[in-house]
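Below: the structure, in structure tokens.
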Amino acid sequence: MNHCSFTGFLTEDPRLHESNGVSQARFTIVTYNYRTAKSTGEKSRIPTFISCEAWHTGAETICKLFKKGSKIHVHASAKHISKDNRDIIFRVNEFDSSSPREDIDA
């Protein structure tokens with residue numbers, strides 16, 4: 001199974017492109033892990049950046065509703081960018097707003 005779920009914040013406005021007449025959006029989500037140092041008790045926030053892509057009407061809807069700083073929840077599947085480039089991008093299958101409705105009605 002190749003299913004992932006993430007909740008985070010967009011690091012910038014989604015970028016909408018068209019490839020062979022099909023809409024594609026690319027964006028990055030940042031999520032945070034929190035750690036406490038045992039010796040000092042100091043808390044730290046560790047960011048993780050997740051590259052995502054969406055296609056078709058999902059891409060258009062994401063670009064319309066979400067902007068930099070918007071909270072989003074995505075269900076995605078991981079894939080390598082290409083045969084030669086082993087970096088991973090997450091293909092969005094479903095998404096949902098984690099923000100109050102009035103924040104995304106612009």
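Using DSSP to call loops (not H, G, I, E or B), can you name the chymotrypsin sites (Phe, Trp or Tyr not before Pro) in the range 20-60 whose Cβ has at most 13 other Cβ atoms within 10 angstrom?
On the way: sites: Phe27, Tyr32, Tyr34, Phe49, Trp55; in loops: none.
Hits after loop and neighbour filter: nothing returned.
Can you work out the Karplus-derived ³J(HN,Hα) for every residue in the range 57-68? Use 6.51 cos²θ - 1.76 cosθ + 1.60 with θ = phi - 60°, whole Hz, and x for glycine or proline.
5, x, 5, 5, 5, 4, 5, 6, 9, 10, 10, 3
What is the spin-label model distance, in nm, from Asn93 to Thr36 if the labels are put 7 Å beyond Cα along the C-beta direction?
Inter-label distance under the simple model: 3.6 nm.
Given the options Val22, Val74, Val30, which has the most mean-square fluctuation in a GNM of the chain, springs set between C-alpha atoms less than 10 angstrom apart?
Greatest mean-square fluctuation among the candidates belongs to Val22.
Based on alpha-carbon positions alone, could you give the equivalent ellipsoid semi-axes of the chain from the gyration tensor, as √(5λ), descending, whole Å? Numbers along the way, then the final one.
On the way: eigenvalues 145, 74, 25 Å².
After scaling each eigenvalue by five and taking roots: 27, 19, 11 Å.
What are the lysines whose alpha-carbon lies under 27 Å from the alpha-carbon of Lys43, with same-chain residues fewer than 8 places away excluded?
Excluding near neighbours in sequence, the set is Lys68, Lys71.
Readers should treat all values here as calculations from the given coordinates under stated rules, not as data from a laboratory. From a predicted model like this one, the values you see are computed outputs, not experimental measurements. Cβ atoms come from the backbone with ideal geometry, glycine included; neighbour counts cover every protein chain shown.
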